[in-house]
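Report on one structure; see the data block that follows.
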Number of protein chains: 2
Amino acid sequence: MRKVEVIGVGMTTFGKQTDITGEELGRQACWDSILDAGINARQIQAAYCGHVLQGPVFGQRVMAKVGIAGIPVTNVENYCSSGSTAFREAWLAIATGQYDMVLAFGAEKMTGKVRGAITPAEEDLEAQLGLTFPGLYAMRARRYFEEYGATPYQLALVSVKNRKNGTLNPRAQYQREVTVEEVLASRPIAAPLKLLDCCPISDGAAAAILVNSRTARRLGIRGIKVGGVALTSGQLEGGYIDMTNEDMTRRAAMEVYAQAGAGPADVDLAEVHDCFTIAELLRIEGLGLCERGEAARLVEAGVTSLGGRIPINPSGGLLAKGHPLGATGLAQVAELVWQLRCQAGSRQVEGARLGLAHCRGGSVPSSEGGACTVILLKK
Amino acid sequence: MRKVEVIGVGMTTFGKQTDITGEELGRQACWDSILDAGINARQIQAAYCGHVLQGPVFGQRVMAKVGIAGIPVTNVENYCSSGSTAFREAWLAIATGQYDMVLAFGAEKMTGKVRGAITPAEEDLEAQLGLTFPGLYAMRARRYFEEYGATPYQLALVSVKNRKNGTLNPRAQYQREVTVEEVLASRPIAAPLKLLDCCPISDGAAAAILVNSRTARRLGIRGIKVGGVALTSGQLEGGYIDMTNEDMTRRAAMEVYAQAGAGPADVDLAEVHDCFTIAELLRIEGLGLCERGEAARLVEAGVTSLGGRIPINPSGGLLAKGHPLGATGLAQVAELVWQLRCQAGSRQVEGARLGLAHCRGGSVPSSEGGACTVILLKK
């Protein structure tokens, strides 16, 4: 396997953007990444596009607007892990020597397409009976409370932290801090989850340009190195049997640590898939960043805040930055690249050398339809 | 690049299958391919799933039913080239050394989801004004008539040939021959195209298991070799400027011939994307199997019939076999494998050594959203 580097990233502002098409969002992010890398767009040999709701051959439509139509484009979909799966396929294509420069991008125009809670699988009987994503994560939260004595107050602290981080990120959807009281007093969604425990509906796009290290050197660019990428799918064990176990996450993390020759103790910051406050806690544990049942106390102690030992979601995460499905994984990559380049401004994690990005999509316990990615980037 | 072989294929019957889910169709095709290869399903290291309409993480849901959930699964979408793109990504993953055994499958349950003509892009203004796929191909047919003096009678002959081939394929949707008179008298869809010039709405699935040659030898299996795989996307030149030029097809074919060290004269049979009768003619020319403007006369002379010099769509093609979007590319692969193994029964192409499969999806002239794949398989 050849060494791979990220030499350019781009990201639109996330939020409700009713006046702009998904194609245009994608175009903006792709061009941001091209300009960031300082390359000629014609050097890009292939592209992978992650999206969920944008309709057939969306990636090709974006590439035509970018102005480099004609190259091989593959649309990939792994629900909330779609963008990170596009990153993974691009990484594979370069690591294995198929191409020297590949564009990975993701975009989602959700407003006008999605109303209310999205479901793991539309035709799933359980989803029709109420097992939407909020319903699913509410069950996991209740179980977590039961097993570890965690509280709604501790969940709310995750939202407070990420909303605070979001105010330091000009591309985040929400630019206002919230208090614990506000979170607890916000509209109930699925007990114990309140509105401010849930990530919003968002429009946005993000992109990254990957090359092999020799190409980076030839171009005179010092890229951010890809330490490892893993993709797992759901197994029975992660479903009904143990609802607070992030099985897919755990397996992906073990694989990626092995690839990078690193362990959780080496991770300086992580962008994790906080689609709900409870999700961030479960993922911190699944990634091995702490023991099971310990995450709520870590958040309370400030360990995961900016300035803490292991800042989680310095970008604001899905809760504050927003969650345009296909864009999310690549927005995480963009954040890590900015952090590792020391370009993250007022939310900079000091001395960051190893960053982790985690996405997890789909998965109803009974159908095992889920995908999880973990990406390690290093200085 | 390592040499890659197809060691197992599977395919459900294509047709209207209202009582069965997309997941179950996928499961059947995957298991057919596993049994055909004679492997243990647990040896499969990763999977690529091609589909268009089956909703998020469909591939993962199928794999859970196959019984090998947990491995990396990537859903890919390139409209009518989705299945062949899944094949391409699986081929890449093995050719480049990432994995030794990968499952590529595609499935589509269209009944209940699609009514009437599908459009290149739902939100496209031109599509809303009538530029559905039948509208688009009707324009191309008129232009072809104008440029080369071809006739509706010659178009009808494509349908007659493929419907006849379909009667020799027990998995084909249509099992009845049609006459030129029936085609010409069938309901007008978009002049000059009649109902029997158009492929149907279908449900179905197909799958293939790919390994590197060393693995095939270790398993004691003599697979069908992958000679080359190419993926292109649309460029402006292929759109408005020259409507009878299959630009994406031409570029993909040139690439794949170069990979295989072969030319169009070496091709013994081809499965091409005959979504409409006119499409088969345009593709035969785009693939270099004859000169531009010559295909209609070739069909009339029986050159593309079973027993002719270069049989096109011996399986019945999309017109007779059916076209469950994501399954089509892999059904073409299955047909080539059976033909090259001399297992095609009464539709066997004698002495077939090199087979070509061609898919093309999407593409409105004005938006360039299109994807095209060409695959070469050899004995």
By residue number, the members of segment A:100-127 that are open to solvent by 10 Å² or more (accessible area, probe 1.4 Å), farther than 22 Å from A:SER202 by Cβ and either at pLDDT 95 or above or away from every other protein chain (no Cβ under 12 Å) (or both) are A:ASP100, A:GLU126
Per the filter on segment B:28-65, residues surrounded by fewer than 24 Cβ atoms within 10 Å (Cβ to Cβ), out of contact with any Leu (no Cβ under 8 Å at 6 or more places or on another chain) and either within 12 Å of chain A (Cβ to nearest Cβ) or charged (D, E, K, R) (or both) are B:ASP32, B:ASP36, B:ARG42, B:GLN45, B:GLY55, B:LYS65
Q. Is it true that B:LEU287 is open to solvent by less than 20 Å² (accessible area, probe 1.4 Å), touching a helix residue (DSSP H, G or I) at 6+ places or on another chain (Cβ under 7 Å) and more than 16 Å from B:VAL229 (Cα to Cα)?
A. no
Every listed condition ((1) away from every other protein chain (no Cβ under 14 Å); (2) open to solvent by less than 10 Å² (accessible area, probe 1.4 Å); (3) not hydrophobic (A, V, I, L, M, F, W, C)) holds for A:THR232 save (1)
Taking segment B:66-92 and keeping only residues that are modelled with pLDDT under 95, more than 7 Å from every other protein chain (Cβ to nearest Cβ) and in a helix (DSSP H, G or I), one is left with B:VAL66
Right, B:GLY227: at positive phi and either part of a strand (DSSP E or B) or open to solvent by 40 Å² or more (accessible area, probe 1.4 Å) (or both) or not?
-> no
Of (1) away from every other protein chain (no Cβ under 14 Å); (2) open to solvent by 10 Å² or more (accessible area, probe 1.4 Å); (3) in a strand (DSSP E or B), B:ALA357 fails just (2)
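The values are calculated or read from the model by the stated rules, or taken from the named source; none is laboratory data. Note that the structure is predicted; figures quoted are calculated from it, not measured. Glycine also receives a Cβ, built like all others from the backbone with ideal geometry; neighbour counts cover every protein chain displayed. The area values use the complete protein model at the heavy-atom level, side chains included, leaving out ligands, DNA and RNA. Shrake-Rupley method; radii C 1.70, N 1.55, O 1.52, S 1.80 Å.
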